[in-house]
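Below: the structure, in structure tokens.
The values are calculated or read from the model by the stated rules, or taken from the named source; none is laboratory data. Bear in mind that the values here come from a model prediction, so they are computed numbers and not experimental data. Ideal geometry is used to build each Cβ from the backbone, glycine not excepted, and the neighbour counts take in all protein chains shown. Surface areas here come from the heavy atoms of the whole protein model, side chains and all, with no ligands, DNA or RNA. Shrake-Rupley method; radii C 1.70, N 1.55, O 1.52, S 1.80 Å.
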Amino acid sequence: VQLQASGGGSVRAGESLSLSCKATGINFRLYTMNWYRQSPGRQRELVAAVASDGTQNYADSVKGRFTLSRDNVRRTTNLQMYNLKPEDTAVYYCHVRARSSNFWGRGTLVTVSS
């Protein structure tokens, strides 16, 4: 299983960014796909998840600002982040739990300046 994340970068507060994650090695459409983030000194936290049926769940801190979608044909997820805040600054990780194991993509840094 490989998860290839892309996107991220540096923006100012109030701006938008998009992250993408492409998965290989799994029957993508069957799995819940997740995005986590980790900022310095804090534990990794679940930001958003999209289930196989398309149901989405979000951390309270990003509800109404982030949207996670999936494309089962392209085996990708897209995390669209709007109205970014400095507290969204973190390394973001794509994740899937498959075959009783956790798989992580390489983290991508999002920096939001005030």
Could you look through segment 21-48, keep only residues that are under 19 Å from ALA98 (Cα atoms) and polar (S, T, N, Q), and pick out the one that is least open to solvent (accessible area, probe 1.4 Å)? ASN34
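Scan segment 49-63 and give yes if some residue there is open to solvent by 40 Å² or more (accessible area, probe 1.4 Å), of a type in the set (Lys, Arg), closer than 23 Å to SER114 by Cβ and under 15 Å from the mean Cα position of the chain (by Cα), otherwise no.
Here is the first cut: in segment 49-63, the ones open to solvent by 40 Å² or more (accessible area, probe 1.4 Å) are 52-53, 55-58, 60-61, 63.
In the following step, the residues that additionally are of a type in the set (Lys, Arg) were identified as 63.
Next cut, closer than 23 Å to SER114 by Cβ only: 63.
Narrowing the set further to residues that are under 15 Å from the mean Cα position of the chain (by Cα) leaves 63.
The answer is yes, given that some residue of segment 49-63 is open to solvent by 40 Å² or more (accessible area, probe 1.4 Å), of a type in the set (Lys, Arg), closer than 23 Å to SER114 by Cβ and under 15 Å from the mean Cα position of the chain (by Cα).
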What about ASN27, is it more than 19 Å from GLY8 (Cα to Cα), more than 14 Å from the chain's Cα centre (by Cα) and without any contact (Cβ under 8 Å) to a residue 12 or more places away in the chain? yes
Go through (1) open to solvent by 40 Å² or more (accessible area, probe 1.4 Å); (2) in contact (Cβ under 8 Å) with a residue 40 or more places away in the chain for CYS94 and report which single condition fails. (1)
